[in-house]
Amino acid sequence: MGEYPIEKTDEQWRAELSPQEFQVLRRAGTEAPFTGEYDNTFTEGVYSCRACGAELFRSETKFASHCGWPSFYSPLAADRVRYLSDTSIPGRPRTEVRCAACGSHLGHVFEGEGYDTPTDQRYCINSISLSFAPAAEA
(Lines give C-alpha, C1' and ligand atoms only; values in the text may rest on other atoms or scores of the structure.)
Protein backbone atom coordinates (compact mmCIF):
# COMPACT_ATOMS: atom_id res chain seq x y z
CA MET A 1 0.00 0.00 0.00
CA GLY A 2 1.16 3.53 -0.72
CA GLU A 3 1.15 6.66 1.41
CA TYR A 4 -2.66 6.88 1.52
CA PRO A 5 -5.29 4.10 1.65
CA ILE A 6 -7.00 5.53 -1.48
CA GLU A 7 -4.60 6.16 -4.34
CA LYS A 8 -5.46 7.01 -7.92
CA THR A 9 -3.61 8.35 -10.92
CA ASP A 10 -4.04 11.95 -12.02
CA GLU A 11 -6.06 10.64 -14.97
CA GLN A 12 -8.45 8.81 -12.64
CA TRP A 13 -8.86 11.89 -10.42
CA ARG A 14 -9.44 14.11 -13.48
CA ALA A 15 -12.20 11.75 -14.64
CA GLU A 16 -13.98 12.03 -11.27
CA LEU A 17 -13.43 15.71 -10.39
CA SER A 18 -14.29 18.96 -12.15
CA PRO A 19 -11.28 21.00 -13.32
CA GLN A 20 -11.74 23.38 -10.35
CA GLU A 21 -12.01 20.49 -7.87
CA PHE A 22 -8.89 18.88 -9.34
CA GLN A 23 -6.93 22.15 -9.07
CA VAL A 24 -7.74 22.56 -5.36
CA LEU A 25 -7.89 18.94 -4.18
CA ARG A 26 -5.02 17.46 -6.18
CA ARG A 27 -2.84 20.54 -6.89
CA ALA A 28 -3.26 22.35 -3.53
CA GLY A 29 -4.98 25.33 -5.09
CA THR A 30 -7.22 27.76 -3.21
CA GLU A 31 -10.69 28.91 -4.15
CA ALA A 32 -11.37 32.63 -4.03
CA PRO A 33 -12.53 33.84 -0.58
CA PHE A 34 -16.26 34.34 0.02
CA THR A 35 -17.16 32.30 -3.09
CA GLY A 36 -17.47 28.79 -1.67
CA GLU A 37 -20.72 26.93 -1.19
CA TYR A 38 -20.19 26.27 2.53
CA ASP A 39 -18.69 29.56 3.74
CA ASN A 40 -21.92 30.61 5.48
CA THR A 41 -23.59 27.21 5.92
CA PHE A 42 -24.44 26.30 9.50
CA THR A 43 -26.87 23.43 8.97
CA GLU A 44 -26.33 20.41 11.22
CA GLY A 45 -24.48 17.60 9.47
CA VAL A 46 -21.16 16.15 8.40
CA TYR A 47 -18.59 17.50 5.94
CA SER A 48 -16.68 14.91 3.92
CA CYS A 49 -13.81 14.92 1.45
CA ARG A 50 -15.25 15.68 -1.97
CA ALA A 51 -12.67 13.43 -3.63
CA CYS A 52 -13.12 10.21 -1.62
CA GLY A 53 -16.08 10.70 0.73
CA ALA A 54 -14.16 10.29 4.01
CA GLU A 55 -15.96 12.09 6.85
CA LEU A 56 -13.80 14.97 8.07
CA PHE A 57 -15.67 17.61 10.10
CA ARG A 58 -18.94 17.92 12.01
CA SER A 59 -21.08 21.04 11.86
CA GLU A 60 -20.80 21.40 15.65
CA THR A 61 -17.15 22.45 15.21
CA LYS A 62 -17.85 24.98 12.42
CA PHE A 63 -17.76 28.66 13.33
CA ALA A 64 -18.07 32.05 11.65
CA SER A 65 -14.49 33.27 11.26
CA HIS A 66 -15.38 35.81 8.52
CA CYS A 67 -12.21 34.85 6.63
CA GLY A 68 -14.00 33.79 3.42
CA TRP A 69 -13.68 30.02 3.81
CA PRO A 70 -15.47 27.48 6.00
CA SER A 71 -13.74 27.32 9.39
CA PHE A 72 -13.74 24.53 11.94
CA TYR A 73 -11.96 24.27 15.29
CA SER A 74 -11.22 20.53 15.04
CA PRO A 75 -11.58 17.58 12.68
CA LEU A 76 -14.07 14.80 13.35
CA ALA A 77 -11.18 12.66 14.70
CA ALA A 78 -7.41 13.11 14.81
CA ASP A 79 -6.83 10.34 12.27
CA ARG A 80 -9.08 11.94 9.62
CA VAL A 81 -6.53 14.53 8.48
CA ARG A 82 -2.79 14.76 7.92
CA TYR A 83 -0.59 17.78 8.37
CA LEU A 84 2.22 18.92 6.09
CA SER A 85 4.58 21.84 6.35
CA ASP A 86 3.78 24.47 3.71
CA THR A 87 6.50 26.98 2.89
CA SER A 88 5.05 28.01 -0.49
CA ILE A 89 4.69 31.65 0.65
CA PRO A 90 8.15 33.03 1.55
CA GLY A 91 8.30 34.25 5.15
CA ARG A 92 4.90 32.77 6.05
CA PRO A 93 5.15 29.10 7.00
CA ARG A 94 1.81 27.39 7.30
CA THR A 95 0.43 23.95 8.10
CA GLU A 96 -1.41 22.32 5.22
CA VAL A 97 -4.34 20.01 5.99
CA ARG A 98 -4.90 16.95 3.78
CA CYS A 99 -7.45 14.15 3.81
CA ALA A 100 -5.86 11.16 5.55
CA ALA A 101 -7.73 8.74 3.28
CA CYS A 102 -6.76 10.04 -0.17
CA GLY A 103 -4.22 12.83 0.36
CA SER A 104 -6.39 15.55 -1.14
CA HIS A 105 -5.65 19.14 -0.18
CA LEU A 106 -8.32 20.61 2.09
CA GLY A 107 -6.81 23.90 3.29
CA HIS A 108 -4.68 25.03 6.24
CA VAL A 109 -4.86 25.10 10.02
CA PHE A 110 -3.87 28.19 12.02
CA GLU A 111 -3.31 28.50 15.77
CA GLY A 112 -3.41 31.29 18.28
CA GLU A 113 -5.40 33.79 16.24
CA GLY A 114 -7.65 34.76 19.14
CA TYR A 115 -10.78 32.95 18.02
CA ASP A 116 -12.92 31.96 20.96
CA THR A 117 -12.94 28.23 20.23
CA PRO A 118 -12.16 25.24 22.46
CA THR A 119 -8.90 24.55 20.60
CA ASP A 120 -7.80 28.09 19.58
CA GLN A 121 -7.36 26.63 16.10
CA ARG A 122 -8.93 27.55 12.78
CA TYR A 123 -9.10 24.89 10.11
CA CYS A 124 -9.52 27.11 7.05
CA ILE A 125 -10.97 24.70 4.48
CA ASN A 126 -11.87 25.21 0.82
CA SER A 127 -15.60 24.62 0.22
CA ILE A 128 -14.76 22.91 -3.05
CA SER A 129 -12.79 20.30 -1.08
CA LEU A 130 -15.91 19.30 0.84
CA SER A 131 -19.26 17.59 0.40
CA PHE A 132 -21.99 18.11 2.98
CA ALA A 133 -24.59 15.66 4.27
CA PRO A 134 -27.28 17.22 6.48
CA ALA A 135 -28.18 15.36 9.65
CA ALA A 136 -31.05 12.94 9.24
CA GLU A 137 -34.37 14.51 10.14
CA ALA A 138 -36.21 12.94 13.07
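The values are calculated or read from the model by the stated rules, or taken from the named source; none is laboratory data. The model shown is predicted, which means the values in this text are computed figures rather than measured ones. So basically every Cβ, Gly included, is an ideal-geometry build from the backbone, and we count neighbours across all protein chains shown.
Please work out if Gly53 is assigned to a loop (DSSP other than H, G, I, E, B), at pLDDT 95 or above and out of contact with any helix residue (DSSP H, G or I) (no Cβ under 8 Å at 6 or more places or on another chain). Steps first, answer last, please.
Values: assigned to a loop (DSSP other than H, G, I, E, B): yes; at pLDDT 95 or above: yes; out of contact with any helix residue (DSSP H, G or I) (no Cβ under 8 Å at 6 or more places or on another chain): yes.
Spelling it out, Gly53 is indeed assigned to a loop (DSSP other than H, G, I, E, B), at pLDDT 95 or above and out of contact with any helix residue (DSSP H, G or I) (no Cβ under 8 Å at 6 or more places or on another chain).
Could you tell me which residue of the stretch 40-51 is nearest to Glu96 (Cα to Cα), considering only residues that are of a type outside the set (S, T, N, Q) and surrounded by fewer than 20 Cβ atoms within 10 Å (Cβ to Cβ)? Spell out the reasoning first.
First pass over the stretch 40-51, keeping only residues of a type outside the set (S, T, N, Q): 42, 44-47, 49-51.
Retained after the next criterion (residues that are surrounded by fewer than 20 Cβ atoms within 10 Å (Cβ to Cβ)): 42, 44-46.
On the way: Phe42: 24, Glu44: 26, Gly45: 24, Val46: 21 Å.
This residue is Val46.
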### Query
Here are some conditions: (1) under 13 Å from the mean Cα position of the chain (by Cα); (2) closer than 17 Å to Val97 by Cα. Pro5 meets all but one. Which one does it not meet?
(1)
### Task
Kindly indicate the residue of the stretch 1-34 that is of a type in the set (Ser, Thr, Tyr) and without any contact (Cβ under 8 Å) to a residue 12 or more places away in the chain and also surrounded by the most Cβ atoms within 10 Å (Cβ to Cβ) among those meeting that condition.
Ser18
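Only one of Arg94, Arg26 is in contact with a Phe, Trp or Tyr (Cβ under 6 Å, 6 or more places away or on another chain) and more than 26 Å from Ala135 (Cα to Cα); which?
Numbers: Arg94 fails: in contact with a Phe, Trp or Tyr (Cβ under 6 Å, 6 or more places away or on another chain).
Exactly one of Arg94, Arg26 is in contact with a Phe, Trp or Tyr (Cβ under 6 Å, 6 or more places away or on another chain) and more than 26 Å from Ala135 (Cα to Cα), namely Arg26.
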### Message
Considering only residues that are among the hydrophobic types (A, V, I, L, M, F, W, C), surrounded by fewer than 15 Cβ atoms within 10 Å (Cβ to Cβ) and more than 24 Å from Asp10 (Cα to Cα), which ones fall in the stretch 79-120?
### Response
Ile89
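Could you tell me which of the residues Gly91, Gly2, Gly36, Gly68 is under 26 Å from Ala136 (Cβ atoms) and either in contact with a Pro (Cβ under 9 Å, 6 or more places away or on another chain) or part of a loop (DSSP other than H, G, I, E, B) (or both)? Please lay out each step first, then the result.
Values: Gly91 fails: under 26 Å from Ala136 (Cβ atoms); Gly2 fails: under 26 Å from Ala136 (Cβ atoms); Gly68 fails: under 26 Å from Ala136 (Cβ atoms).
That would be Gly36, the only listed residue that is under 26 Å from Ala136 (Cβ atoms) and either in contact with a Pro (Cβ under 9 Å, 6 or more places away or on another chain) or part of a loop (DSSP other than H, G, I, E, B) (or both).
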### Message
Val24 - would you say it is in a strand (DSSP E or B), over 17 Å from Thr119 (Cα atoms) and not charged (D, E, K, R)?
### Response
no
